[in-house]
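Have a look at the structure below before the remarks.
Bear in mind these aren't lab numbers, they're just calculated from the coordinates by the rules spelled out. As the structure is a computational prediction, the values presented were derived from the model and not from experiment.
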Amino acid sequence: MRLCAWYLYGEKHRGYALNPVANFHLQNGAMMWRINWMADTSPRGIGASCGMMVNYRYFLEDTASNSAAYLGTKQIKASEQVLSLVSQFQQNSKL
């Protein structure tokens, strides 16, 4: 879960999220909301993402500012759950 959070939140290409689905939602003003363990146990889900899925949440009053922040300063809005996992990854990582 920590590695997944880091991949979605911290791994970048030219400053933007490396994952194309994350990049799409963040450009449109979503917030990275929750990472779900074993949410997709289909063979494809296990093969593509070890069964993990992420929820992106759109707060309509924040989408314009979230999108502008992401596109302008490459700042990703994320929930406490995601940020906690990112922090745990950074504390334990040898990267």
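What the table below lists for this structure:
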{"item": "Pairwise centroid distance, computed over Cα atoms, of region 30-49 with region 53-94, Å", "result": "17 Å"}
{"item": "Helix axis angle, 80-92 relative to the chain longest principal axis, alpha carbon, degrees", "result": "60 degrees"}
{"item": "Rel. contact order, % - alpha carbon contacts under 8 angstrom, at least six apart, region 1-94", "result": "36 percent"}
{"item": "Gain on full stretching of the segment that runs from Glu11 to Thr63 - 0.36 nm per residue minus C-alpha separation", "result": "16.5 nm"}
{"item": "222 nm mean residue ellipticity, helices alone, for the chain (DSSP H n ≥ 4; -39,500 (n - 2.57); rounded to 500)", "result": "-14500 deg cm²/dmol"}
